[in-house]
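Scroll down for the structure; my scribbles are underneath it.
The values are calculated or read from the model by the stated rules, or taken from the named source; none is laboratory data. Just so it is clear, the structure is predicted and the values come from calculations on it, not from any experiment. A quick note on method: Cβ atoms are made from the backbone with ideal geometry, for glycine too, and the neighbour counts reach across all protein chains shown. Please note that ligands, DNA and RNA were not included when accessible areas were found on the heavy atoms of the full protein model with its side chains. Shrake-Rupley method; radii C 1.70, N 1.55, O 1.52, S 1.80 Å.
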Amino acid sequence: MNEENVLSKRLRSLALAFFMVIGGGAFLTACDQGPAEEAGENIDEAAEEAGDAMDDAADEAEDAVE
């Protein structure tokens, strides 16, 4: 076999593995959420809201200085 055929075979194998992983991940995300996932999402939401509040406070402080 020449190098191009080996490279092509490896690339096909990697592409197949990639799509299998993505497909498996998509299948698993369709599952119902458990209490730990819901708690994690609530924490993420609270952190995002806190970050937004800090950004707003920084913007207000910048406007007050100007």
Expected output for segment 53-66 (first residue modelled with pLDDT under 85 and of a type in the set (G, A, S), partner in a helix (DSSP H, G or I) and surrounded by fewer than 10 Cβ atoms within 10 Å (Cβ to Cβ), Cβ below 9 Å, 6+ apart or cross-chain) is none
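In segment 34-52, what count of residues is obtained for those that are at pLDDT below 85 and open to solvent by less than 90 Å² (accessible area, probe 1.4 Å)? Give the steps one after another, and end with the answer.
Kept after step one, since they are at pLDDT below 85, are these residues of segment 34-52: 34, 37.
Then drop every residue that is not open to solvent by less than 90 Å² (accessible area, probe 1.4 Å), which leaves 34.
Counting residues in segment 34-52 that are at pLDDT below 85 and open to solvent by less than 90 Å² (accessible area, probe 1.4 Å) gives 1.
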